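The values are calculated or read from the model by the stated rules, or taken from the named source; none is laboratory data. In this text, all values refer to a predicted model and were calculated from it rather than measured experimentally. Reconstructed Cβ throughout: ideal geometry from the backbone, glycine too, with neighbour counts over all protein chains shown. We work out accessible area using only protein heavy atoms, side chains counted, and drop any ligands, DNA or RNA first. Shrake-Rupley method; radii C 1.70, N 1.55, O 1.52, S 1.80 Å.
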Amino acid sequence: MWQNPPEANRCADHWFAVLLSLIVLLAGCKGATEAQGPAPMADRTVFVGAGDIATCGREGDEATASILDTIPGNVFTAGDNVYENGTPDEFINCYGPTWGRHRSRTRPTPGEHEYGTPDAEGYFDYFGAAAGTEGEGWYSYDIEDWHIVSLNSVVGQFEGSPQIQWLNDDLVSSTATCTIAVWHNPRFSSSQSGSDPDQAPLWNAAYRHGVDVVINGHAHHYERFGPQDTLGNSDPTFGIRQFVVGTGGRSLTSFADTPAANSVVRDRSTFGVVKLALRDGSYAWEFIPVETGGFRDTGSANCHGAPP
């Protein structure tokens, strides 16, 4: 019987070993990727996130990032993404290992700590095009039938500013039935620092154009308001429902002795994220805590048009 010469056998053995090495190498790369906690496939009906998030040497941001690991969908941030000064190193070394593993599906919002670095360069460099035009910090996008605006409550939020002009134009041109606005400093809050009247131009424009939900951070607790108008009066027909979700992992702070008007639910016991299920003409919310059995807040509501 004819047999391969020894040289042919050695050649076949060599290429078999090479092929086996490649298989092992590829398997190792796959394992390394999975160990980093890859983001789940996006669910276009989910909008989830928080503000006041990452600090090196603390574990709160890892706890909230672990919640994100289990929730497919669109991630937002509500400002103060990383402490203390939003430097490039802080974004890479403090934010990156936790919420940063979801960067590819995150639409961020700046807070005042981002401006600890001149012009928030660390923030804009880290998030790139997802943060909008560098130097501005406001932009919009659509999720199914929902319109989302991400705004800058730290700079350029005064009446007549380019941001307010852009916001008015953007909301007028939107054909979406439902709208969410995200910015950092809350117009209304039961925190010890209280409500922020400097945010009135953002709130007034949002109300005027029929925005349904506003999400803020800054105050390190969770708070949900009933729908209210530009003056903070209850308005169940056209009012904006506001969520303050400064529970991303930095720290938790106390409330003022007297709650703000129309404050419905408040909690400062746990870090967590708020998850919105975006439906056709309605939405449902859920505050998800890091502790099993911890505080939760759930509910649902219909969207509305702009006031006459």
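Between ILE215 and ALA181, VAL182, TRP183, PHE243, the built amide H atoms are under 5 Å apart, and every one of these is 5 or more places off in sequence or on another chain.
Loop exposure criterion: trypsin sites (Lys or Arg not before Pro), DSSP state outside H, G, I, E and B, at most 15 other Cβ atoms within 10 Å. Applied to the chain, the longest stretch between such sites is 59-295.
Taking Cα centre as origin and charging only the Cβ of basic (Lys, Arg, +1) and acidic (Asp, Glu, -1) residues, the dipole magnitude of the range 72-168 rounds to 360 debye. Here's the picture: charge each Lys and Arg Cβ at +1 and each Asp and Glu Cβ at -1 in the chain, and of THR237, PRO108, ILE71 the one pushed furthest to the positive end of that dipole is ILE71. Leaving ligands, DNA and RNA out of it, report the carbon-plus-sulfur percent of the accessible area of the chain at a 1.4 Å probe. The computed percentage sits at 54.
In debye to the nearest 20, how big a dipole does the range 210-261 give about its Cα centre with +1 on each Lys and Arg Cβ and -1 on each Asp and Glu Cβ?
On the way: 3 positive and 5 negative charges, 43 e Å.
Roughly 200 debye for the range 210-261.
Using the Kyte-Doolittle scale, find the helices of the chain whose mean hydropathy is at least 0.5 and whose Cα atoms extend 20 Å or more along the helix's long axis, counting only whole DSSP H runs.
Working: long enough: 6-35 (43 Å, 0.67).
Within the chain the helices that satisfy the rule are 6-35.
In summary, the chain shows an alpha-carbon radius of gyration equal to 1.20 times the 2.2 N^0.38 Å reference for compact globular proteins.
Which loop chymotrypsin sites (Phe, Trp or Tyr not before Pro) in the range 138-181, with loop taken from DSSP, have no more than 15 other Cβ atoms within 10 angstrom of their Cβ?
On the way: sites: TRP138, TYR139, TYR141, TRP146, PHE158, TRP166; in loops: TRP138, PHE158.
Passing sites in the range 138-181 are PHE158.
Of all DSSP beta bridges confined to the chain, the antiparallel ones make up roughly 65%.
Centre-to-centre separation between the Cα atoms of the range 90-128 and those of the range 247-308: 23 Å.
Under a 5 Å amide H cut-off, with hydrogens placed 1.01 Å from N, SER190 pairs with ALA260 among residues at least 5 apart or on other chains.
Give the accessible surface of the range 93-198 per residue, rounded to a whole number of Å², with probe radius 1.4 Å and ligands, DNA and RNA excluded.
Working: 4170 Å² over 106 residues.
Ligands and nucleic acids excluded, the result is 39 Å² per residue.
Once the 1.4 Å probe is applied to the protein heavy atoms, the range 199-308 comes out at 38 Å² accessible per residue. Charge dipole of the chain (Cα centre as origin; +1 on each Lys and Arg Cβ, -1 on each Asp and Glu Cβ, all else neutral): 760 debye, rounded to the nearest 20. Annotation: amide H-H contacts under 5 Å for SER153 (H modelled 1.01 Å from N, sequence separation of 5 or more, or interchain): HIS184, ASN185.
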